[in-house]
Amino acid sequence: MTQKRKRRTKAEIEASKLSTYEVVIDENVSGVEKISLGLGDTLEKVFEATGIASVVKFIAGDDCGCTERKDKLNQIFPYHKPNCLVEAEYNYLSDFFNTNTNMVTGETQKRLLEIYNRIFNQKKQPTSCGSCLRDVVNQLKRVHNTY
């Protein structure tokens, strides 16, 4: 049985749109693991777990350039997380998925791609390729079903 996620308020949706560099994470809270935003954070965790970080700090001192390198790696290799659906998009997708049709009009395809591009930060264009559109619809259905 799948769990339904609760709908988020407008304030929660707007807060989730903040850039990763505007999010403040309190690292002093015990028992809370920092979420990796990209490759830099993951490497930092590995280096701390293996003791490499403490050896580098001992040799190079506190200003070894690790923070700048981590930030640069996070910027180059970010972990992409889909954006949340807004209520209008959720309602549109609900109506779309509830109507069992194998035909998609040009206007419907355009709206589906607008939603897809916003959620996944993509720039897909309308296409006549059936399998390409099927993939878009399947990914939207997966996101829609998480709510």
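Things to note:
- None of Lys45, Lys81, Lys70 is touching a helix residue (DSSP H, G or I) at 6+ places or on another chain (Cβ under 7 Å), basic (Lys, Arg) and under 17 Å from Ile35 (Cβ atoms) except Lys70.
- Residue that is in contact with a Ser or Thr (Cβ under 9 Å, 6 or more places away or on another chain), farther than 26 Å from Thr42 by Cα and outside the structural domain of Ser36 (by TED's automatic domain parsing), where the choices are Gln125, Gln109: Gln109
Matching residues to (1) under 23 Å from the mean Cα position of the chain (by Cα); (2) part of a helix (DSSP H, G or I); (3) within 18 Å of Leu43 (Cβ to Cβ):
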| site | (1), (2), (3) |
| --- | --- |
| Val56 | no, yes, yes |
| Asp63 | no, no, no |
| Lys72 | yes, yes, yes |
| Pro82 | yes, no, no |
| Leu93 | yes, yes, no |
| Ser131 | no, yes, no |
| Val136 | yes, yes, no |
| Gln139 | yes, yes, no |
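- Exclusive hit being surrounded by 13 or more Cβ atoms within 10 Å (Cβ to Cβ), in a helix (DSSP H, G or I), within 22 Å of the chain's Cα centre (by Cα) and in contact (Cβ under 8 Å) with a residue 12 or more places away in the chain, set Glu114, Glu89: Glu89
- Yes/no for Arg69 being surrounded by 12 or more Cβ atoms within 10 Å (Cβ to Cβ) and under 22 Å from Ser128 (Cβ atoms): no
The values are calculated or read from the model by the stated rules, or taken from the named source; none is laboratory data. These figures come from a predicted structure and were not determined experimentally. As a convention, Cβ positions derive from the backbone with ideal geometry for all residues, glycine included, and neighbour counts pool all protein chains shown.
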